[in-house]
Amino acid sequence: MSIPLAAFEEKIIDASGVAPRIEVMLPVGVRARQLTVRTLLLGMLIVLADHRPAHLTRVHQALTTLPEDDQRRLGVVADWKHGPHQLTYRQTERTFGLVTSALAKEIPDGQPSQTLTAICDDLLEASIPEEFKDASTSLAVDWTDTETFSRPPSRGTRDCADPEASWGHRAGGGPGQDSELFFGYYASAATMMRDEHAPPVPELARRMTACSCRHDPARALVPVLTAMPAHGIPLGDILAGSGYAHRDAAAWAIPLRQSGAQLVQDLHPSDRGPRGTHHGAIIANGNLYCPATPTTLLEPGPLARDATPDQTAAHDQQTAETARYKLGRITSDDTDGYHRVMCPAVMGKIRCPLRLASLQLDRNRPEILTPPEHPPACCTQQTITVPPGTCAKTAQKHDYPSAAHRRSYARRTGAERTFSTVKDPASNDIARGWTRLMGLTPMTLWLACLLVVRNQRILTAWDARQADDTRRAAAGLPPKTRRRRRKTLTSLAATTAPP
């Protein structure tokens, strides 16, 4: 095991305080249990740190192979009436069963209980060192598939060994296969990312949850994120893909904004471009634009991944031109979510014959040549009021799809790296069979422990890189960088095949 035992005991389990909280929830038997909750959690972390699957037999094996002094200290070996007694597998299974029963809902519904969610939050928060707790407020969120060990029920029934599991969709594994079905749960994680214009931070998973596939993973993650400010953890940028942005505003965007978060997300193709008007102003990509905005400026999508430097420059120039037509916000949201915006001609960004003062501006600004024949309110009033329901789903921190948005959104890849590490076949691959325990509560508890271990590995690698950078700086060498190569399908197709 590369991670010291004391790091799990003192910095994770004891610092989180979850063990005594769970212990008081367990029933008291005639004879005291030899295996405590603290030792059980320690055994689970040891197993995962050794890249072993999440099996209780592995937990028992890990605890009974510790040094004799540690076994005595942790209660793995206890003095009974007839002499020393070493922990048995049945005792391990019994304690784990009591823990999961205490943390589960009385009536399982495919979502974790509040107690289980709080336990997972505290475990993950304890895995983040004090020097990094306030280093960033940005979180990259994503969900992934987690198969149950149970075989799916037969067609038309729900009878199986894991009734909380359900059918879900995940990315397809075959050529041309966009998605495929799997039977199990959705696991979600929120990973710390650096703030804009701030130094890098270790990509640590700060929050997680899991739910049955019959529930929406985006909606399941919202209460976990919105509870963070109450615990003294402010929300900053929330970096999310189009799967989150496409959700109903009341299920994703609105509660996060009310909690102080700023959204940086990719828009779903169905939400891009013009989507109606408000007092004559065009609603597009989360903003309000002048009614005379050229249609071609409101139609561009995000920049392609294989775009050339010339294409990137042209795209950025076009989005910068679009920003000139945007109605500018002049007030922040009031208590009811209303704010006011001003005509771009009044703000001096464009020239318009309906705003005579704007015609005194120099001609390097865009000019409206054909203003509306019957000017709407946005053209006749100095400002208009925007209710919270307008652009509630698509409004975000930066104009979409501008260069500033692209640079900020690029941080979201940290969420994908989080799941790539826990799905690494050379490590703790959470594919089917990773754990044979069925039900949402055992799955969620194991996933939380796995992310705790993953955070420790990230911190170890982070410390090694910082030490290496310090050594290179002392020697007058630049920091070591990774060389990345990316070949596009076009370049591969253009390559001449060997004879």
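The values are calculated or read from the model by the stated rules, or taken from the named source; none is laboratory data. Since we're looking at a predicted model, the values are computed, not measured. Ideal geometry is used to build each Cβ from the backbone, glycine not excepted, and the neighbour counts take in all protein chains shown. When the accessible area is computed, the model is the full protein with side chains, heavy atoms only, and any ligands, DNA or RNA have been set aside. Shrake-Rupley method; radii C 1.70, N 1.55, O 1.52, S 1.80 Å.
With each label modelled as a point 7 angstrom along the Cα→C-beta vector, the Thr413-Tyr338 pair spans 4.5 nm.
The portion of the accessible surface of the chain made up by carbon and sulfur, rounded to a whole percent, is 53 (1.4 Å probe; DNA, RNA and ligands excluded). The share of C-alpha pairs in region 121-256 whose separation exceeds 17 Å stands at 65 percent. Cα centroids of region 1-57 and region 190-214: 24 Å apart.
Rolled with a 1.4 Å probe across the full set of protein chains, the surface gives Val201 an accessible area near 20 Å². For region 454-466, the Karplus equation 6.51 cos²θ - 1.76 cosθ + 1.60, evaluated at θ = phi - 60°, returns couplings of 4, 4, 5, 5, 5, 5, 4, 5, 4, 4, 5, 5, 5 Hz by residue, with Gly and Pro reported as x.
Dipole magnitude for region 325-398: computed about the Cα centre from +1 point charges on Lys and Arg Cβ and -1 point charges on Asp and Glu Cβ, it is near 280 debye.
Here the dipole of the chain is about 740 debye; that uses its Cα centre as origin and unit charges on the Cβ of Lys and Arg (positive) and Asp and Glu (negative). Helix 217-226 and the longest principal axis of the Cα set of the chain meet at an angle near 90°. Spread over its residues, the convex hull of the C-alpha atoms of region 324-437 is 197 Å³ per residue. Using the Cβ of Ser113 as centre and a radius below 15 Å, the other residues enclosed give a net charge of -3, where K and R count +1 and D and E count -1. Accessible area per residue for region 106-232, computed on protein heavy atoms with a 1.4 Å probe, is 46 Å². For region 48-120, the fraction of C-alpha pairs more than 17 angstrom apart is 59%. Once all protein chains are placed together, Trp80 keeps about 100 Å² accessible to a 1.4 angstrom probe. A Förster radius of 30 Å combined with the Cβ-Cβ distance from His82 to His55 puts the calculated FRET efficiency at roughly 0.50. Taking one equal scatterer on every alpha-carbon of region 1-114, how large is log10 of I(q)/I(0) by Debye at q = 0.13, 0.21 1/Å? Here log10 of I(q) over I(0) equals -0.52, -1.30.
Legend: Rg and Dmax of region 205-321, from Cα coordinates, 17.3, 47 Å. Farthest towards the positive end of the charge dipole of the chain, among the residues Thr370, Ala357, Ser113, is the Cα of Thr370, using unit charges on the Cβ of Lys, Arg, Asp and Glu. Computed from label points 7 Å out along Cα-Cβ, the spacing between Thr115 and His268 is 3.7 nm.
Specify the inter-centroid distance of region 401-475 and region 282-320, based on alpha-carbon positions, in whole Å. Centre-to-centre (Cα) distance: 34 Å. Neighbours of Arg94, meaning other residues whose beta-carbon lies under 15 angstrom from its beta-carbon, give a summed charge of +1 when Lys and Arg score +1 and Asp and Glu score -1. Give, as a single signed number, the net charge of other residues whose beta carbon lies under 12 Å from the beta carbon of Arg351, with Lys and Arg counted +1 and Asp and Glu -1. Summing Lys and Arg as +1 and Asp and Glu as -1 gives +3. Calculated mean residue ellipticity at 222 nm for the chain: -10000 deg cm²/dmol, from DSSP H runs with n ≥ 4 weighted as -39500 (n - 2.57), summed, divided by the residue count and rounded to 500. For region 398-467, the fraction of alpha-carbon pairs lying more than 18 Å apart is 56 percent, rounded to a whole number. Each eigenvalue of the Cα gyration tensor of region 135-196, multiplied by 5 and square-rooted, gives one semi-axis; in descending order these are 32, 16, 7 Å.
The charge dipole of region 373-488, taken about its Cα centre with unit charges on the Cβ of Lys, Arg, Asp and Glu (plus for the first two, minus for the last two), comes to roughly 760 debye. When the Cα positions of Leu45, Gln34, Val77 are compared along the charge dipole of region 25-77, Gln34 comes out farthest toward the positive end, with charges on each C-beta of Lys, Arg, Asp and Glu.
Here the ratio of the Cα radius of gyration of the chain to 2.2 N^0.38 Å is 1.18.
Solvent-accessible surface of region 333-488, taken per residue with a 1.4 Å probe and all protein chains present: 55 Å².
If you fit an axis through the alpha-carbon atoms of helix 114-126 and take the longest principal axis of the Cα set of the chain, what angle between them do you get, 0 to 90°, nearest 10? Tilt of helix 114-126: around 90 degrees. Just the number, please: percent antiparallel of the DSSP beta bridges in the chain, rounded to the nearest 5. Percentage antiparallel, nearest 5: 85. The angle between the Cα long axis of helix 309-324 and the main principal axis of the chain comes to about 70°, on a 0 to 90 degree scale. Once the C-beta distance of Met347 and Glu196 is scaled by a Förster radius of 25 Å, the resulting FRET efficiency is 0.55 to the nearest 0.05.
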